[in-house]
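Have a look at the structure below, then the notes.
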Amino acid sequence: MALFASSLYHEGVTSAIVVAGMPEAVVELLNNALVGELTVIDRKGHLRTDPLIPFWDGRYILMTSSILFSRKLEDIKRNPRVSLSLSDPVGIPAQPFSRATIQGDARVIDDDLHRGWYRLLPLWEAKEPIIKTFLKPMQKLGLPLFWERAVIEILPKRVLWWPDGDTTRDPQVTDIREAVA
């Protein structure tokens, strides 16, 4: 069990409180994942999945979303129950490869769309150093609304982990709520 924040943790991101019970192997997946599949419940009660870059700060899974693609943000505000799947071996260059699904409650932080998400930059730059290039003023002129971003913050509650990535087998299940209690 990982009882420590990852090496990518930056104290300016959010809380330094670490989720007890988050499996260390899943923390490694999160730290390596260039893409995860976020599933939300839409206004009609249907499941919808969008690819996003997940970041782990030791307590929360964090993501950003442009207001250009705000449908998921409105869905989360309406129903905070979400799921994040880490399943793509190309998008998660981790060795050994495994798969995980993390269920939890999300909230949208959109009080400062211009700069509020900048607190995630240390985590984002660690995964995708090229992001710094796109933040240059001239680069931002081409897609100004893309840079108006909200933060999605997920508090994990339950983790399903397939150590060998074989989803035909039952996963190892960790109920984080029990570990915290």
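Laboratory data are not the source of any read-out in this text; all were calculated from the coordinates shown. Since the structure is predicted, the reported quantities are computational estimates derived from the model, not experimental observations. Cβ sites come from the backbone with ideal geometry, for glycine too, and all protein chains shown count toward neighbours.
Under a plain spin-label model, where a point goes 7 Å from the Cα along Cα-to-Cβ, how far apart in nm are residue 175 and residue 115?
Reported label-point gap for residue 175 and residue 115 is 4.4 nm.
Going highest first, how would you order 22-30, 74-82 by mean Cβ packing within 10 Å?
22-30, 74-82
Multiply the residue gap between residue 131 and residue 74 by 0.36 nm, knock off their C-alpha separation, and tell me the result in nm, one decimal place.
17.9 nm
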